[in-house]
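To start, the structure under review is shown below, and the notes come after it.
The values are calculated or read from the model by the stated rules, or taken from the named source; none is laboratory data. Remember, predicted model here, so these are calculated numbers, not experimental data. For neighbour counting, all protein chains shown are included, and Cβ atoms are generated from backbone atoms with ideal geometry for every residue, glycine included.
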Amino acid sequence: MSSPPLRAVLGTLASYKPSDGLYASDAARTCPLSANESPHDPLPGIAEAIAAAGATVNRYPDPGCGPLIRALARAHGITEDRIAVGAGSLSLLQALFQAVADPGAEAVYAWPSFEVYPALAALAGVESARVPLTRDAHDLRAMADRITPRTRLVVVCNPNNPTGTALGFDELRAFVESVPPTCLVAVDEAYHEYVRDPAVADALPLCDAHPNLVVLRTFSKAYGLAGLRTGYLVGSAPIVEALRKACLPYAVSSVAQRAAVAALGLGGELMRRVDDTVAERTRVRDTLVGQGWEIPDSQANFVWLGLGPHAEDFGVWCAHRGVAVRAFPDMGVRVSIGSAEDNDRFLTVADAWRSSRQMATAGAGQTLRDRKAART
Ligand SMILES: *Cc1c(COP(=O)(O)O)cnc(C)c1O
């Protein structure tokens with residue numbers, strides 16, 4: 001018996017595959033360095049807010065996310081009508097793609113970038129134009145050149161997932177100014193709190209002058225609420241009003257809303273944890289460079305190993321040694337910055353891989369770097 005026909009696009013999308021062993025309760029503990037989560041347990045104040053919200057789950061959540069939007073408006077010094085809250089910034093990205101999905105619509109984004117963009121575009125019926133990164137970073141000139149009258153949305157992931165590279169404020173501003181006002185620009189700043197380079201762009205101040213610009217932030221990374229699914233978007237009031245309509249009602253749970261308000265209130269303490277992660281990022285990168293790896297400067301809570309054809313092998317190597325990382329076939333491997341202990345375990349595993357490769361190629365007198373240099 002054949003099953004009822006569904007949209008053909010569903011046949012082109014990959015099924016979601018959780019990282020090996022991560023969710024197996026009986027497995028020996030795997031270092032979870034594949035999803036860019038905060039390694040820290042929730043602060044007591046956040047755990048208390050979650051418990052308190054549990055007492056009212058027989059009621060629907062506030063569909064307008066009132067207290068959370070008021071807290072965000074205060075934090076950013078903007079009016080409430082310029083903020084939309086979603087069940088993770090993913091749901092706001094989905095709303096964005098759906099909001100522009102007229103027949104023939106195209107979206108431009110860099111590649112590799114956040115792996116979810118292609119699926120959201122395909123599901124919405126928006127054609128994707130992927131612009132290759134140049135030296136692991138956005139090539140804004142090439143992206144601007146790729147914009148046509150059919151382009152309805154440009155997504156800029158800054159810092160970029162999975163490479164960790166970040167755009168400077170001046171170059172981002174020049175790019176936004178060059179995009180036709182009829183095309184939306186979405187700057188995905190999921191890792192904004194980890195940026196330490198003062199030249200790197202914060203796109204929020206650009207929103208005032210550009211009604212076609214929206215900025216996405218999330219509580220999933222620096223605020224440590226990945227499991228609760230809360231993100232938000234800042235833009236002009238008319239765009240925000242339309243996007244709110246494109247989101248499912250009641251999508252943001254009452255527990256998530258209460259926890260996000262509590263997390264904003266505890267921002268100072270949470271940002272000290274982010275400082276720890278940033279210090280670990282420096283230590284991990286310096287150690288890897290000392291081992292002989294080439295690692296782009298990361299402004300996020302992960303590092304990128306541009307392994308090209310060896311990416312999948314390295315991912316399996318790590319998984320077999322109890323470290324879950326994220327391999328992008330034929331491109332590279334993204335490794336989250338976790339606890340100092342988990343980072344140490346990864347560094348040991350990475351060093352062992354390099355040693356084994358060097359032994360394998362010792363006869364030819366080549367290191368990985370030599371061979372890479374020979375290829376290019
Ligand atoms: C993790 C991440 C997000 C966050 O998604 P949520 O749905 O808010 O958890 C958004 N964009 C990028 C690029 C990310 O890496």
Inset, instruction - Please go through the stretch 151-171 and pick out each residue that is in a loop (DSSP other than H, G, I, E, B) and within 25 Å of GLY125 (Cα to Cα). - result: ASN158, ASN160, ASN161, PRO162
Legend entry - Single match in THR79, THR30 (criterion: away from the ligand (no atom under 13 Å from the Cβ), under 21 Å from LEU184 (Cα atoms), of a type in the set (Ser, Thr, Tyr) and in contact (Cβ under 8 Å) with a residue 40 or more places away in the chain): THR79
Legend entry - Members of the stretch 87-122 found to be touching a residue at least 60 places away in the same chain (Cβ under 8 Å) and part of a loop (DSSP other than H, G, I, E, B), listed by number: ALA87, GLY88, VAL100, PRO112, PHE114, GLU115
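Among the residues of the stretch 90-105, is there at least one that is among the acidic types (Asp, Glu), farther than 21 Å from LEU10 by Cα and more than 19 Å from the chain's Cα centre (by Cα)? Don't jump to the end; show me each part of the working.
Initial filter on the stretch 90-105 (among the acidic types (Asp, Glu)): 102.
Those left that are additionally farther than 21 Å from LEU10 by Cα: none.
No; the residues of the stretch 90-105 include none that is among the acidic types (Asp, Glu), farther than 21 Å from LEU10 by Cα and more than 19 Å from the chain's Cα centre (by Cα).
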Legend entry - Qualifying residue in the stretch 264-282 (condition: touching a Cys at 6+ places or on another chain (Cβ under 8 Å) and either within 13 Å of the ligand (Cβ to nearest atom) or charged (D, E, K, R) (or both)): no
Inset, instruction - Spot the failing condition for TYR194; the list is (1) surrounded by fewer than 19 Cβ atoms within 10 Å (Cβ to Cβ); (2) within 16 Å of the ligand (Cβ to nearest atom); (3) hydroxyl-bearing (Ser, Thr, Tyr), and only one is missed. - result: (1)
Inset, instruction - May I ask you to say which residue of THR163, THR151 is away from the ligand (no atom under 15 Å from the Cβ), of a type in the set (S, T, N, Q), surrounded by 17 or more Cβ atoms within 10 Å (Cβ to Cβ) and touching a residue at least 40 places away in the same chain (Cβ under 8 Å)? - result: THR151
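On the basis of being modelled with pLDDT of 95 or more, aliphatic (A, V, I, L, M) and either in a helix (DSSP H, G or I) or in the same structural domain as VAL195 (by TED's automatic domain parsing) (or both), does ALA319 make the cut?
Spelling it out, ALA319 is indeed modelled with pLDDT of 95 or more, aliphatic (A, V, I, L, M) and either in a helix (DSSP H, G or I) or in the same structural domain as VAL195 (by TED's automatic domain parsing) (or both).
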Legend entry - Within the stretch 207-216, considering residues that are in contact (Cβ under 8 Å) with a residue 12 or more places away in the chain and more than 8 Å from the ligand (Cβ to nearest atom), the one surrounded by the fewest Cβ atoms within 10 Å (Cβ to Cβ): PRO211
Inset, instruction - Check whether at least one residue in the stretch 207-214 is within 20 Å of the chain's Cα centre (by Cα), modelled with pLDDT of 95 or more and of a type in the set (Asp, Glu), and report yes or no. - result: no
Legend entry - Whichever residue in the stretch 75-86 is outside any loop (DSSP other than H, G, I, E, B) and hydrophobic (A, V, I, L, M, F, W, C) and, among such residues, is nearest to SER236 (Cα to Cα): ILE83
Legend entry - Residues of the stretch 208-234 classified as touching a Gly at 6+ places or on another chain (Cβ under 6 Å) and in a loop (DSSP other than H, G, I, E, B), total: 1
Inset, instruction - For the stretch 273-306, name all the residues that are hydroxyl-bearing (Ser, Thr, Tyr) and either in the same structural domain as THR218 (by TED's automatic domain parsing) or buried (at least 19 other Cβ atoms within 10 Å of the Cβ) (or both). - result: THR277, SER298
Inset, instruction - Inspect all residues belonging to the stretch 225-234 and state whether any of them is more than 27 Å from SER336 (Cα to Cα) and more than 11 Å from the ligand (Cβ to nearest atom). - result: no
Legend entry - Every residue from the stretch 50-65 that is among the aliphatic types (A, V, I, L, M) and loosely packed, with under 15 Cβ neighbours inside 10 Å: ALA51, ALA52, ALA55, VAL57
